[in-house]
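S.K.: Just passing along the structure, written as structure tokens.
The values are calculated or read from the model by the stated rules, or taken from the named source; none is laboratory data. Model, not experiment: these values are computed from the prediction. Backbone-built Cβ (ideal geometry, glycine too); neighbour counts: all protein chains shown. SASA here: full protein model, heavy atoms, side chains in, ligands and nucleic acids out. Shrake-Rupley method; radii C 1.70, N 1.55, O 1.52, S 1.80 Å.
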Amino acid sequence: MFEDLEPRPQRGEPMRALSREDLDVYAVEDLQERIAALEAEIARSRAAIETKHSKKNAADALFNFGS
């Protein structure tokens with residue numbers, strides 16, 4: 001219940017924190033895992049963009065049908 005009282009992180013803050021992280025402490029395998037996770041996040045973001053484009057196109061087609 002106390003989690004609800006904590007402030008939410010600002011938009012983009014996790015990404016900024018990633019970019020400031022010291023990579024020298026990671027082994028090669030850890031860095032490869034990090035890259036794989038980031039690539040998966042890129043794919044997830046691209047899929048979200050496609051979904052938003054599809055929804056917008058469907059709405060545009062619906063509301064501009066008579067034009």
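S.K.: Suppose we filter segment 1-36 for residues that are surrounded by 10 or more Cβ atoms within 10 Å (Cβ to Cβ), within 13 Å of the chain's Cα centre (by Cα) and small (G, A, S); how many remain?
M.R.: 0
S.K.: Can you report the number of residues in segment 8-28 which are outside any helix (DSSP H, G or I) and under 17 Å from E41 (Cβ atoms)? If you could, list the steps in order and put the result at the bottom.
M.R.: Of the residues in segment 8-28, the ones outside any helix (DSSP H, G or I) are 8-12, 21-22, 26-27.
Cutting the leftovers down to under 17 Å from E41 (Cβ atoms) gives us 9, 11-12, 21.
Number of matching residues: 4.
S.K.: Do you know which of the residues in segment 48-67 that are at pLDDT 90 or above and hydrophobic (A, V, I, L, M, F, W, C) is least open to solvent (accessible area, probe 1.4 Å)?
M.R.: A48
S.K.: Let me ask something else. Does E39 satisfy the condition of being part of a helix (DSSP H, G or I) and surrounded by fewer than 10 Cβ atoms within 10 Å (Cβ to Cβ)? Step through it out loud before you land on a result.
M.R.: On the way: part of a helix (DSSP H, G or I): yes; surrounded by fewer than 10 Cβ atoms within 10 Å (Cβ to Cβ): no.
Judged against the criteria, E39 is not a match.
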